[in-house]
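The values are calculated or read from the model by the stated rules, or taken from the named source; none is laboratory data. What you see is a predicted model, and the numbers here were worked out from it, not measured in a lab. Cβ sites come from the backbone with ideal geometry, for glycine too, and all protein chains shown count toward neighbours. Accessible surface areas use protein heavy atoms only, side chains included; no ligands, DNA or RNA. Shrake-Rupley method; radii C 1.70, N 1.55, O 1.52, S 1.80 Å.
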Amino acid sequence: MPDTSPDFQSFASTEQVAETTTRRLLAAAEHAIAERGRFQIVLAGGRTPQAVYRRLVDQPADWARWHVFFGDERCLPADDPERNSLAARAVWLDRVPIPPDNIHPIRAELGAGPAAARYAGLIRDRLPFDLVLLGLGEDGHTASLFPGHAIPDAALVMPVHDAPKPPPDRVSLTPLALGSSRAILILVTGRGKHEALARWRAGADLPVSRIVTSGRLEVLMDAEAAGD
């Protein structure tokens, strides 16, 4: 059986994590397009992924064959700048020639339940993804999967209520959907993430520990997060 354990890799700085991630994304896209004619990526919110998105703007890529999905979304108005999809558009997606129909936002403005059902229907026939990008919060959450919250085993997308950080209502892909990917990159940077990362590596039952894939799962962390 293949080794499904995470591959933890430490880098000297946040910038090196972002640069390495950018190269990995472009290489994965080139390979997927050569093999299957398209590249399906799931994006993460947060500060470190934003640094990656900014770097992608100036890179040559076959953008017309990229298909962009989102790991989670906040239940806010469609034009709220705090939404993950709008943040990604502002720094990257609207600045490269990805066809609008290839960008698949979560319609979280419909409410958590309806939006989750709608997105599950959208991604069901798209699996597996080619690459999933994730982060790790200081409280141990990933996407909008929070410690101590029930996660359904069979669902691909779930509504999230009473999130411990605002807004309380969200939509998130589940570990089942996130793990259905040929590759997963989890970016962990900053001293504030050190405790959550250490707990995960020590075997704590965090949502991120429930993500299992038959593909490759790499954790790219900077020295501050790793405690080097």
Whole-Hz ³J(HN,Hα) from phi, Karplus 6.51 cos²θ - 1.76 cosθ + 1.60, for segment 64-73, glycine and proline x: 5, 9, 7, 10, 10, 10, 10, x, 6, 8
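Of all the accessible heavy-atom surface of the chain, with the other protein chains kept in place and a 1.4 Å probe, what percent is carbon and sulfur? Please list the in-between numbers first.
Working: 5050 of 10280 Å².
C and S atoms contribute 49 percent here.
Once the piece of chain linking Val57 and Leu110 is laid out straight, how much longer is it, given 0.36 nm per residue of separation minus the C-alpha distance between them?
Values: separation 53, 0.36 × 53 = 19.08 nm, distance 3.03 nm.
The span from Val57 to Leu110 would gain 16.1 nm if fully extended.
State in Å² the accessible area per residue of the chain; use a 1.4 Å probe, count heavy atoms of protein chains only, and round to the nearest integer. Intermediate values should be presented prior to the final figure.
On the way: 10280 Å² over 228 residues.
Ligands and nucleic acids excluded, the result is 45 Å² per residue.
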Under 5 Å between amide H atoms, partner at least 5 residues away or on a different chain: which partners does Gly215 have, H built in plane at 1.01 Å? Ser181
Work out the charge dipole of segment 13-105 with +1 on the Cβ of Lys and Arg and -1 on the Cβ of Asp and Glu about the Cα centre, then indicate which of Leu56, Val17, Phe70 is farthest towards its positive end. Val17
How many angstrom lie between the C-alpha centres of segment 140-169 and segment 73-108? 20
Output the direction-averaged projected area (hull surface divided by four) of the convex hull of the alpha-carbon atoms of segment 1-120, in nm². 9.1
Around Arg74: net Lys/Arg minus Asp/Glu count, Cβ-Cβ under 14 Å: -4
For the chain, I need the span (max minus min coordinate) of the C-alpha atoms along each principal axis, in Å, sorted largest to smallest. 42, 39, 38
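Full extension from Ile151 to Ala223: what is 0.36 nm times the residue separation minus their Cα-Cα distance, to one decimal in nm?
Details: separation 72, 0.36 × 72 = 25.92 nm, distance 3.10 nm.
Result for the pair: 22.8 nm of gain on full extension.
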Per the helix-only calculation at 222 nm, which mean residue ellipticity applies to the chain, given -39500 (n - 2.57) for every DSSP H run of n ≥ 4 and division by its residues, nearest 500 deg cm²/dmol? -9000 deg cm²/dmol
